[in-house]
Amino acid sequence: MGGRTFLVVVGTPDLDSAHRIFSVMNSRGLDLSPTDIFKSLIIGDLDERTAQECARKWEDAEEALGRDDFADLFLHIRMVFATRRGERELLKEFPEQVLSHYLPGRAKSFVNDVVVPYADAYVQIRDASYSAASGAEQVNAWFKRLQQIDNNDWRPAALWALRTHGKDPAWLDAFFNALERLAASMFIRRVYTTPRVTRYADLLRELNAGRELDAPSFILTDTEKTETLDRLDADLYLVARTRKYVLLRLDEMLASKPGVSYDHPLITVEHILPQNPKRGSDWLRHFTDDQRQQWTHRRPKRRPSTSPASMASPPSR
C-alpha cells in the first residue's frame, strides 16, 4: 500500500480558492462549509489539549443547532461584529471582520465567549426556551411573535440582547417589545431588504455604543407610524404576506393571552362580509355596493379560521 500511495500538496492563494478546490475534489460526504474552515483556523491556533476541549464545545453547539442553523448563526455573528450588511461571501468577510479579533492568540476566547453563548442564545430564540426564575414567559412570547415575521434580519439584535443581558428578563422584555414594534412596522410597510438591514445595522451600532433601550433606531418616525396605520386600515386581506400575522397578533391581544401559539396545520383568513353574496341576501339589503367595496377586505370584518367548518361565510336569509 505504501508503495502505491502518493501525497499531493495543493497550494491556493486564499481561503476561497481552498474551499472551491475542496468542494470539487470532495465527491463523498457533506460539502465543506465555511464554518468548517473557521473551525480549522480556530483549532489550529490552540495547543493539543485545549484544541480537543474547544473542538468538543464547537461540535456540541453545531449539534444543538443543526448544520443549517449553525451556518446561519455565523452570518448573524458577522452582523453583530461588523454592524453592516454583508457585501461579499461569508468565507471572506468573517475572518476579516470577526476572527481577526481573536487570531492569533485568542482562539479559546472565540469558542467560549462567542460560539458557545451565541449558539445557546440562538436555540433559546428558535425554540422559545428562555428560562429564568420569573419573567421567562413574557420573553418567550416575544420570540414567538418575532418568528411570525417573514425575515430573520431582527435576529442579530436579538442574539446580542440575550448574549449581553440574558440574566435580566425584565430588561429583555422591554428590549424585545421595542424590537418587535420596529420589526412589525417594517414588515407591515413591506420595507425591502437594503433599508431594513441598514436599520438593524444602525441599531446594533447604537447598542454597542451603550444606547441600549433608548437606541434611536427603535423609534418610529411620524411618517413611519402614519404609513403603518394606513397599511393596517387598508385592504389588509389583499396583502397576503402580512394579513395572517396582523390578525394573529390582534387575536392574541383580544384573547389577553401573551405569546399564544398557533400550531394548527392550516390557518386561513376568511371574510365576515361575503365577497360574492347571493342575490336577494340580507348582505345586499344591509350594505350598499360602495359599503361592501370599502369593507369586504378590511381588517374589522375578518377573523382567522382554523377549521373547515368555520370557513364558510355566515348564512344569508
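Brief remarks on what is shown
- Positive contributions from Lys and Arg (+1) and negative ones from Asp and Glu (-1), summed over other residues with Cβ under 12 Å from the Cβ of LEU162, come out at +2.
- On the basis of the beta-carbon distance and an R0 of 30 Å, ALA240 and ARG163 show a calculated FRET efficiency of 0.30.
- Contour minus Cα-Cα distance for GLU63 and LYS92 (0.36 nm per residue): 8.0 nm
- ASP36 versus LYS144: modelled label distance in nm, points set 7 Å from Cα along the beta carbon direction: 3.9
- Approximating the spin labels as points 7 Å out from Cα along Cα→Cβ, the LEU75-to-ILE219 distance works out to 3.2 nm.
- Over the range 60-160, the pair-distance histogram of Cα-Cα distances with 10 Å bins from zero comes to 14, 44, 32, 9, 0 percent, rounded to whole numbers.
- Computed E for TYR192/VAL8 - FRET, C-beta separation, R0 41 angstrom, nearest 0.05: 0.30
- 20 Å Cα-Cα threshold exceeded, pairs from LYS57/LYS92; LYS39/LYS108; LYS39/LYS92; LYS144/LYS244: LYS57/LYS92
- Anisotropy class of the range 123-198 from Cα gyration tensor, a/c 1.5 cut: prolate
- Efficiency of FRET between ASN112 and ALA132 - r from beta-carbon atoms, R0 25 angstrom, step 0.05: 0.65
- Shape of the range 38-103 from the C-alpha gyration tensor: oblate (a/c of 1.5 or more and a/b not above b/c, with a ≥ b ≥ c the square roots of its eigenvalues).
- Overall, the range 12-232 carries a charge dipole of about 320 debye about its Cα centre when +1 sits on the Cβ of Lys and Arg and -1 on the Cβ of Asp and Glu, all other atoms neutral.
Just so you know, all these numbers are worked out from the coordinates, no wet-lab data involved. Please read all numbers here as calculations on a predicted model, not as lab measurements. Positions of Cβ are generated from backbone atoms using ideal geometry, with glycine treated the same way; all protein chains shown enter the neighbour counts.
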